[in-house]
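Report on the structure given below.
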Amino acid sequence: SEIWVFQPNGQHIHFLDGKNVVNALLYIDEKDYIVSAGTDKCIKIWTGTGTLLKTFDKEKGTILSLGFSNTDNYIFSGNEDGSVTCWDLDGSIISRFEAYKEAVNAIDIHPGKKLILTGGEDGIIKLWSYAGNLLKTFIGHHGRVSSVIFYGENSFISSNEQSLGHDNSILFWDIEGK
């Protein structure tokens, strides 16, 4: 798969040549890094100009989702085997925990708190500490969760797609349960 990079005006700058399907991308603005992951079981860090800097290749399976902590400079991967892995920018694994029995399709990191939000193949959303302690479970989707994103201090949005009985919904949540 190719990853195309464009300027804000829509002009194509260059592309990053990946050899496998890319499932997740993120951009680390402070460092001008593009991070990709997918079926090759690797996380790749590229410069904004397209030079491959690092490859992290310690995952057992396909990586489906990526998140980044600006405060700690950690990359989090949500994996097909149900695990979440926390990486430093050198490629060392900080922690790994089992989040689901099936895939972790979506992941987001709270911008000000050490919290991880995950969405699973089973339709369940979970809130975790960085240490992998389950803090709260949210149930509301009928089918796989395809995206989660924190917004504000104590809220998040989740969605799933319409296929095979999924409800194609966008839900708004309060992490305090209010």
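The values are calculated or read from the model by the stated rules, or taken from the named source; none is laboratory data. This structure is a prediction, so every number in the text was calculated from the model and none was measured. In this analysis, Cβ positions are derived from the backbone assuming ideal geometry, glycine residues included, and neighbour counts consider all displayed protein chains. Accessible surface areas use protein heavy atoms only, side chains included; no ligands, DNA or RNA. Shrake-Rupley method; radii C 1.70, N 1.55, O 1.52, S 1.80 Å.
Brief remarks on what is shown
- Within straight-line cross-link reach of Lys101, lysines at Cα separation under 19 Å, skipping those fewer than 8 residues along the same chain: Lys41, Lys60, Lys126, Lys136
- Globularity ratio of region 80-132, using Cα Rg and 2.2 N^0.38 Å: 1.10
- Taking every alpha-carbon pair in region 30-178 and binning the separations at 5 Å intervals from zero gives 2, 10, 20, 22, 20, 14, 8, 3, 0, 0 percent.
- Rg ratio for region 42-127: its Cα radius of gyration over 2.2 N^0.38 Å, N being its residue count, equals 1.06.
- For region 125-134, putting each phi into the Karplus relation 6.51 cos²θ - 1.76 cosθ + 1.60 with θ = phi - 60° gives couplings of 9, 10, 10, 10, 7, 4, 6, x, 7, 6 Hz, in residue order, rounded to whole numbers and with x for Gly and Pro.
- Karplus 3J(HN,Hα) series, Hz, for region 94-107 with 6.51 cos²θ - 1.76 cosθ + 1.60 (x for Gly, Pro): 7, 7, 8, 9, 7, 9, 9, 7, 10, 5, 9, 7, 9, 8
- Here Ile93 sits with roughly 60 square angstrom of accessible surface, probe radius 1.4 Å.
- Those aspartates and glutamates that a straight Cα-Cα span of less than 18 Å connects to Lys54, excepting residues fewer than 8 apart in one chain: Glu2, Asp17, Asp29, Glu30, Asp32, Asp40, Asp88, Asp90
- Inter-site label distance for Ile170 and Ile28 at 7 Å from Cα along Cβ, in nm: 3.0
- Zone of Ile94's modelled label, taken as backbone nitrogen in region 36-53 under 18 Å from a point 7 Å along Cα→Cβ: 36, 43-45
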